[in-house]
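Reading through the structure tokens given below for one structure.
The values are calculated or read from the model by the stated rules, or taken from the named source; none is laboratory data. As the structure is a computational prediction, the values presented were derived from the model and not from experiment. FYI the Cβ positions are ideal-geometry reconstructions off the backbone, even for glycines, and counts take in every protein chain you see.
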């Protein structure tokens, strides 16, 4: 059996007619411009609204966490980290290693937040953030689901960052102590 024959059989078994050219067919789709992230950015023009996506660490299977290390991303001994582009850190007047709180931007009036995340400069597109779940699950609105499967939209959550309240209080205490 040739590769072409096995491809045709695979297409037939899936109920798909094999393409006449025997080559893969690719289709361009427009990028949506009216997502919750776009809507939040339009409402909050004076505030930086990021698109947060959640991810697993190396030592994690679904929501079961087997360890505190993520050798894929160079994180060891902690999970409350927020991956962010270095230029976004600087634009916010913060530095790598500072602590922030994350707040969801949504229209239902419900406050959703996850506090105490360490900024980690990472090669990620500007305007985007990544963090581990389940630590960031509270940020996902229950009604924010994908159109067809109905799964939570944990890969595109509109959020804003604020300096972590405890870190800010500790910095104020240190400043007062040295004055």
Subject >> Those residues of the stretch 103-118 which are part of a strand (DSSP E or B) and out of contact with any helix residue (DSSP H, G or I) (no Cβ under 6 Å at 6 or more places or on another chain), in sequence order >> reply: 103, 113, 115, 116, 117, 118
Original post:
If you take the residues in the stretch 19-77 that are under 15 Å from residue 133 (Cβ atoms), touching a strand residue (DSSP E or B) at 6+ places or on another chain (Cβ under 8 Å) and not in a strand (DSSP E or B), which one is modelled with the highest pLDDT?
Top reply: 73
Original post:
Across the stretch 105-125, what is the number of residues that are modelled with pLDDT of 95 or more and within 12 Å of the chain's Cα centre (by Cα)?
Top reply: 1
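This table checks each residue for (1) surrounded by 14 or more Cβ atoms within 10 Å (Cβ to Cβ); (2) over 18 Å from residue 39 (Cβ atoms).
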site	(1), (2)
101	yes, yes
112	yes, no
116	yes, yes
129	yes, no
139	yes, no
142	no, no
151	no, yes
160	yes, no
164	yes, yes
Original post:
What are the residue pairs meeting all of these: first residue in the stretch 114-135, first residue at positive phi, second residue part of a loop (DSSP other than H, G, I, E, B) and modelled with pLDDT of 95 or more, Cβ atoms under 9 Å, and 6 or more apart or on different chains?
Top reply: 127/48; 127/49; 127/85
Original post:
Restricted to the stretch 92-102, and to residues that are touching a helix residue (DSSP H, G or I) at 6+ places or on another chain (Cβ under 7 Å) and outside any loop (DSSP other than H, G, I, E, B), which residue is farthest from residue 163 (Cα to Cα)?
Top reply: 102
Original post:
Exactly one of (1) under 20 Å from residue 48 (Cβ atoms); (2) not in a loop (DSSP other than H, G, I, E, B) is unmet by residue 138. Its number?
Top reply: (1)
Subject >> residue 89 vs. criteria part of a helix (DSSP H, G or I) and within 17 Å of residue 52 (Cβ to Cβ) >> reply: yes
